[in-house]
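What follows is calculated from the coordinates using simple rules that are stated; it is not laboratory data. These numbers come from a predicted model, not from an experiment. In this analysis, Cβ positions are derived from the backbone assuming ideal geometry, glycine residues included, and neighbour counts consider all displayed protein chains.
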Amino acid sequence: MIALRPILPFAALVLLLSLSSFHSIAPATPDWGFFAHKRINRLAVLTLPPQMMVFFKPNIDYISDHAVDPDMRRYASKHEGPRHFIDLDNYGPPFDNLPRQRVDAMQYFTEIWVVKNTGDTVQLFGRQMPVAADIQPDYKKYFNTQVLPRLYEEVETLDPDSLAAFLNRHGMATDFQAAFFRDQMALHGVLPWHLQRMQRDLTEAFRRRDAKRILRLCADMGHYIGDAHVPLHTTSNYNGQKTGQHGIHGFWESRIPELFADESYDYFVGKPAYVERSTDWFWDMVFASNTMVDSVLTIERALRITFPPDRQSCPDMRLGRAVLAPCRDFSAAYSDALNNMVERRMRAAIHAVSSSWYTAWVDAGQPDMSRMDIPLPTEEERKEQEELQKTFNGGKIIGRAEEH
Ligand SMILES: [Zn+2]
């Protein structure tokens, strides 16, 4: 929920930007707009069974404080940004062709190109040029052995001999002097696939009883699941920029929870549930969010027309600066018209976060969480965290900026 697609801190910013003349505002500190992420992680801890609580409760501040690390990493790594969203409108509906499994998606989104002896560059395979069904199994083998390792190493050239051998096997021989691939998976976001990877890594961390890693991954997982519950994290119109509603991202996911979450939201979400099929579950999450995009946009647009214009933006103070933000009454009217959607998604996010942690723990064989040793951060880890904070404060997102 509340989450921010790209970055939350910016969500708030975005809000302001939409109100004109605030473009010079400096990047926010982590506590601006990070409210909901931290709240979700904290409340998720409180739903856990006693066998887990014994470890999580003493570390609740860590899990809450670090709920925003993934957004901060967006300033340090180009790989981070796409993990926070998926622009589903690029793929459907229907979404039948969209690979649900991460490994299938990596293949689906990778384009194979050759440079012919004539100098022409020609694409052989990719999302727009699918591999024929009968050679799919062999292509998968080729992909897994030849392309995947290079993809991880970010080497984009391919071994010409093995590609030629594959093409020869299937009567597709062609003359070429070089071959390379392009990974297009990140283009429209990777959120549901990234959740699969996180769930696997978290399960492994529980299995090894690696306390430090469990905490770190639980905090991260809470963030990404939070993002998956925000409708605007599932559309390319993530900040209303395509419909003249610039700023709606921060309005929905930052302004509303900041105003109303503490005073009126019901956070009782019950015990975590064990999730049998987490891949489907992650997809259900983003599809559910996506069905709400239309309401998020149309209801705000209608309200902008009917609500008195001079009562829509109000002066507010943020970090010692005067800014304009959606007025309290206007925000309440939007929230009511959405039938408390923000609260509903925040509750769903809390339950999903604790269910993800709980499922990882069960799948790891329910390791004993008492007497877990948490080593102090190493010098290197301390520096890394400082660096993260510094890059964040310095402020430039790599990749799609702000507002998601
Ligand atoms: Zn995020």
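Cross-chain or 8 or more residues apart, Cα under 28 Å: how many lysine pairs in the chain fit that? Count them up, please.
23
Helix-derived [θ] at 222 nm for the chain: sum -39500 (n - 2.57) over DSSP H runs of at least 4, divide by residue count, nearest 500?
Result for the chain: -14500 deg cm²/dmol, rounded to the nearest 500.
Just Arg311, Arg100, Arg301 to compare: in a GNM of the chain, with alpha carbon springs under 10 Å, which one fluctuates most?
In the Gaussian network model the winner is Arg311.
Can you give me the Cα centroid spacing of the range 245-278 and the range 132-205 in angstrom?
Cα centroid to Cα centroid, the span is 37 Å.
How large is the Kirkwood hydrodynamic radius of the range 222-362, counting all unique pairs of alpha carbons, in Å?
It is 16.2 Å.
For the ranges 150-159, 110-119, what's the packing order if you count other beta-carbon atoms within 10 Å of each residue, average per peptide, and put the highest first?
My ranking of the peptides, most packed first, is 110-119, 150-159.
Please build a GNM for the chain, connecting alpha carbons under 10 Å apart, and tell me which residue among Ala179, Ala219, Ala322 fluctuates the most.
Most flexible of the set in this elastic network: Ala322.
From the C-alpha gyration tensor of the range 189-244, pull out the three semi-axes of the equivalent ellipsoid (sqrt of 5λ each), sorted largest to smallest, in whole Å.
31, 10, 6
Find the Rg to Rh ratio for the range 27-118, where Rh is the Kirkwood radius over alpha-carbon pairs and Rg uses the same atoms.
1.16
Before anything else, pin down the relative contact order of the chain: Cα pairs under 8 Å, at least 6 apart, normalised by residue count, whole percent.
Reported as a whole number, the value is 32 percent.
What's the extension gain from Arg328 to Asn97 if we count 0.36 nm per residue and subtract their Cα-Cα distance?
78.8 nm
Which order do the peptides 343-354, 257-268, 73-84 come out in when sorted by mean C-beta neighbours inside 10 angstrom, highest first?
343-354, 73-84, 257-268
The chain: D in µm²/s via Stokes-Einstein (Kirkwood Rh, Cα pairs, 25 °C, 0.890 mPa s)?
108 µm²/s
Where does helix 328-337 land angle-wise versus the long Cα axis of the chain, in degrees 0 to 90, nearest 10?
60 degrees
When the chain is modelled as a GNM with alpha-carbon springs shorter than 10 Å, which of Gly270, Gly240, Gly92 fluctuates the most?
The residue that fluctuates most here is Gly92.
I need the per residue convex hull volume for the range 132-229, using only the alpha carbons, in cubic angstrom as a whole number.
Dividing the Cα hull volume of the range 132-229 by its residue count gives 147 Å³.
Once both axes come from the Cα atoms, what is the angle between helix 35-45 and the longest principal axis of the chain, in degrees from 0 to 90, rounded to 10?
The helix 35-45 is inclined about 80 degrees to the chain.
Against the 2.2 N^0.38 Å scaling, with N counting residues, where does the range 110-183 land? I'd like the Cα-based Rg ratio to two decimal places.
That ratio works out to 1.02.
Which order do peptides 242-250, 34-42, 378-386 fall in by mean Cβ count within 10 Å, highest first?
34-42, 242-250, 378-386
Kindly express, to the nearest 10 degrees and within the range 0 to 90, the angle between helix 293-306's C-alpha long axis and the longest C-alpha principal axis of the chain.
40 degrees
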